[in-house]
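Asker: Okay, here's the structure, questions in a sec.
The values are calculated or read from the model by the stated rules, or taken from the named source; none is laboratory data. Keep in mind the model is a prediction, meaning the values are calculated, not measured. Methodologically, a virtual Cβ is constructed for each residue, glycine included, from the backbone with ideal geometry; neighbour enumeration extends over all protein chains shown.
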């Protein structure tokens, strides 16, 4: 009998622990900040990239990652999918003498 009551208390403690973890997850989810309003191009990181690309001198990958906080592969993906395909803008890419690639929107 004593073995059964010990097993019951262990199962009871596990059940209490699972319930507490579930409540903690619900609490942390409810505290997340919800975005209100729709993002527009005027206030997005994508618009920042477009502005940099429209400059006469264009922008390097380093310029774009610094301005957005994105990883280089994310910037390149944005350039390909959004600028080139979705927006239909002609993107020029040239390699400078120092080896860095320079991107700009053709005018």
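Asker: If you go through the stretch 52-107, how many residues are modelled with pLDDT under 95, surrounded by fewer than 12 Cβ atoms within 10 Å (Cβ to Cβ) and in a helix (DSSP H, G or I)?
Answerer: Counting residues in the stretch 52-107 that are modelled with pLDDT under 95, surrounded by fewer than 12 Cβ atoms within 10 Å (Cβ to Cβ) and in a helix (DSSP H, G or I) gives 3.
Asker: Next question. Could you run through the stretch 80-104 and say how many residues are more than 14 Å from residue 61 (Cα to Cα) and more than 22 Å from the chain's Cα centre (by Cα)?
Answerer: 4
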